[in-house]
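Below is one structure, written out as structure tokens, with a few remarks after it.
Nothing in this text is a laboratory measurement; each read-out follows from the coordinates by a stated rule. The model shown is predicted, which means the values in this text are computed figures rather than measured ones. Note that each Cβ is placed from the backbone with ideal geometry, even for glycine, and that neighbours are counted across all protein chains shown.
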Amino acid sequence: MKQRGYLGNIIDTAKTVFDGMAVTFSHFVRRPFTVQYPDRMDVRVQDTLPFRYRGILEVDLEICTGCLACERACPIDCIIIDAKKDPQTKGMVLTRFDIDMAKCMYCGLCSEPCPTGSIHHTPEFEGADYSLESLIRRFVKDPVVAYKPKKAGEDDPEILEMLDRGLRYVEEFASPEGKKPGDEEEAA
Amino acid sequence: MQDFLDSLIQQGYFSGVPRDVVYAAGMIIAGAIVLLVFILNVAGGSTFIERRLWARIQSRVGPNRVGPQGVLQWLVDGIKLVMKEDIIPTLADRPLFMAAPYVVMMGFVATFVVLPFGSRLVIADMNVGLVYLTAVTGLVVIGILMAGWASNNKWSLIGGIRSAAQIVSYEIPSGLSVFPIVLLTGTLSLQGIIKAQGWAPWDWFLFANPFTFVAFFIFFTSALAEGNRTPFDLPEAESELVAGFVTEYSGVRYLIFFMAEWGNLYVIGAVSTTLFLGGWQIPHLSDNVVLTTVLEFVTFFVKAYFWVLVAMWVRATLPRVRVDQLMTVCWKYLVPISFVNMLGVAAWMLVFPTGNRVVSFLMFLLGVSIVTYFFRRVFFHLRRAHVREHGELRLSPLS
């Protein structure tokens with residue numbers, strides 16, 4: 001910047017202050033950008049998040065096959081599943097399905113190998129609570145029989161809806177060529 | 001005030017009570033009313049308005065949760081500060097530390113003795129009003145130095161000394177830019193200065209001649225510096241001095257410092273209005289005393305508060321200056337220019353002993369054209385922002 005004289009300095013000061021004030025005044029009459037989360041919103045933030053958003057984990061027990069793939073995939077062992085074979089019906093019975101959300105790091109590795117998309121992330125992210133204990137999500141209250149895919153195809157509309165959603169979720173993880181992350185390992 | 005009490009005494013009220021006691025009681029009651037009803041609310045309300053105003057300038061919303069649109073925020077802040085513990089450091093100079101906020105407060109409240117609110121609404125119309133005003137403002141320096149020294153904290157001390165140097169320096173240009181008005185009116189009484197102006201803008205001293213026009217801006221700048229306001233808030237420079245002389249203060253004493261700061265903002269506006277902007281002058285509308293007084297008060301308050309808003313706006317716009325820049329602005333620019341101004345006004349009065357209406361009107365037109373050009377610039381910036389947000393010129397990913 002070139003050296004200015006005495007009068008030049010004064011004129012510079014007046015001009016820059018004048019224009020600076022004009023800039024700030026133009027901001028004054030504009031709309032503020034602030035989003036007043038959480039109570040003064042047009043829509044909930046959760047509703048605006050994408051389908052693949054990795055929020056708090058959720059399990060649809062109705063379509064859980066009890067394969068334990070998610071428990072094995074979890075790198076920090078925050079999923080604990082107790083499943084045993086019923087000697088009479090030869091089907092799997094789930095007696096415990098706990099996810100410790102305090103430990104969970106939202107990596108999404110559990111939802112990738114799930115065959116039905118039963119375990120999946122929800123867009124819900126508001127997980128604050130008063131104790132660590134209450135962050136453990138216990139999905140099994142009474143022992144339930146695990147889901148078994150029917151040969152003739154699903155006919156129960158409620159479960160069909162869940163399956164559609166779950167498979168769409170699993171499909172989201174597929175690569176552009178239609179391969180799932182698990183497929184590559186099998187080929188190798 | 002005195003006339004009012006005299007008429008009450010003549011009508012037989014307070015019989016048997018010495019006249020001086022009635023005056024003293026009247027003064028104390030008037031002072032208490034001014035303090036409680038006016039200063040407290042103006043200072044408190046200003047903090048809220050200032051926060052909302054900055055927020056909008058910075059594209060934020062600001063405090064809007066307490067009460068409708070957050071208007072009760074300042075009350076809640078005040079209550080919180082009153083309820084907090086008043087901590088006094090062990091090594092502090094206890095009596096000085098405790099007294100300092102009250103001295104600062106006194107320096108600012110005492111100005112309300114001469115500040116007029118209307119032709120009849122003034123606590124005391126002294127014939128040395130302007131000298132009194134300058135003298136009483138000097139108390140603030142003592143209070144700030146006391147606070148800085150007594151805290152026994154290096155940040156406080158540096159802040160206090162900076163503030164003292166700054167206020168003492170800037171008292172010179174502010175005093176010198178008041179001088180042209182004294183030359184023009186021949187009185188030091190604030191009411192007398194207002195009475196010498198008219199209600200119309202071209203009768204204001206701001207537009208009386210080119211020299212007073214410059215004097216007004218010098219006065220406003222140095223008043224901002226005296227009130228420790230941005231861009232001259234070096235004594236409280238957070239990035240260097242934590243909080244300057246208020247570092248060690250908490251609770252009520254902290255509150256009093258800030259009440260004085262924001263109240264002082266109104267004093268700046270009120271003095272500028274009195275000296276340059278025609279004060280409470282309104283055209284003659286009715287003979288009703290109460291109605292006229294209310295209108296005068298509203299006129300004065302609106303004019304004074306406009307300059308409070310401008311000070312807030314300046315604070316949101318300009319960055320803080322360096323210490324050497326601060327002193328350069330004062331001693332190399334403001335002081336010489338105000339001397340030239342003084343001589344200029346004296347020469348002007350020799351040429352036009354009763355003023356020149358044509359020049360006043362031309363100055364008024366100049367003022368109007370500056371404001372018009374300003375709004376053209378504002379619309380230019382608004383249009384540019386609009387193009388940036390909605391047109392092809394997409395520069396910022398956030399917009």
Which value in deg cm²/dmol, rounded to the nearest 500, describes the helix-derived mean residue ellipticity at 222 nm for chain A, given -39,500 (n - 2.57) per DSSP H run of n ≥ 4 and division by the residue count? -9000 deg cm²/dmol
Compare the Cα positions of A:Phe125, A:Ala152, A:Tyr106 along the charge dipole of the range A:87-167 (+1 at Cβ of Lys, Arg; -1 at Cβ of Asp, Glu; about the Cα centre) and return the one farthest towards the positive end. A:Ala152
Most exposed first by the Cβ proxy, i.e. fewest other Cβ within 10 Å, how do A:Asp164, A:Asp82 rank? A:Asp164, A:Asp82
log₁₀ I(q)/I(0) of chain A at q = 0.11, 0.15, 0.16, 0.18 Å⁻¹, via Debye over equal Cα point scatterers, no solvent, to two decimals? -0.64, -1.01, -1.12, -1.31
Using a cut-off of 15 Å between alpha-carbon atoms, which aspartates and glutamates can reach B:Lys332, once sequence neighbours fewer than 8 places away in the same chain are excluded? B:Glu171, B:Asp324
Placing +1 on each Lys and Arg Cβ and -1 on each Asp and Glu Cβ in the range B:296-399, then taking the dipole about the Cα centre, the residue among B:Val335, B:Ala304, B:Phe375 whose Cα reaches farthest towards the positive end is B:Phe375
Reach of B:Lys303 by Cα under 19 Å, taken over lysines that are not fewer than 8 positions away in the same chain: B:Lys195
What is the spin-label model distance, in nm, from B:Val17 to B:Phe217 if the labels are put 7 Å beyond Cα along the C-beta direction? 5.2
Compare the Cα positions of B:Met363, B:Ser151, B:Val17 along the charge dipole of the protein assembly as shown (+1 at Cβ of Lys, Arg; -1 at Cβ of Asp, Glu; about the Cα centre) and return the one farthest towards the positive end. B:Met363
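Membrane-span-like helices in chain B: DSSP H runs reaching 27 Å or more (Cα, own axis), mean Kyte hydropathy at least -0.5?
Details: long enough: B:129-150 (32 Å, 1.96); B:154-185 (46 Å, 0.94); B:251-276 (38 Å, 1.10); B:289-317 (42 Å, 1.58); B:357-390 (49 Å, 0.63).
The answer, listed by residue number, is B:129-150, B:154-185, B:251-276, B:289-317, B:357-390.
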If N is the number of residues in the range B:1-88, what value comes out of its Cα radius of gyration divided by 2.2 N^0.38 Å? 1.73
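Report the convex hull volume per residue for the protein assembly as shown, counting only C-alpha atoms, in Å³.
Considering the Cα atoms of the protein assembly as shown, their hull volume per residue is 293 Å³.
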Chain B - convex hull of the alpha-carbon atoms, volume per residue in Å³: 193
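So, with +1 on the Cβ of K and R and -1 on the Cβ of D and E, and no other charges, what is the size of the charge dipole of the range B:1-75 about its Cα centre, to the nearest 20 debye?
I would put it at about 700 debye.
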Two pseudo-spin positions, 7 Å from Cα along C-beta at A:Tyr130 and at A:Val29, lie apart in nanometres by 5.1
Hey, fewest Cβ within 10 Å first, where do B:His390, A:His120 land in order? B:His390, A:His120
Check: the protein assembly as shown dipole with +1 on Lys, Arg Cβ and -1 on Asp, Glu Cβ, in debye: 1960
Least to most buried among B:Ser7, B:Ser239, B:Ser46, by other C-beta atoms within 10 Å and fewest first, runs B:Ser239, B:Ser7, B:Ser46
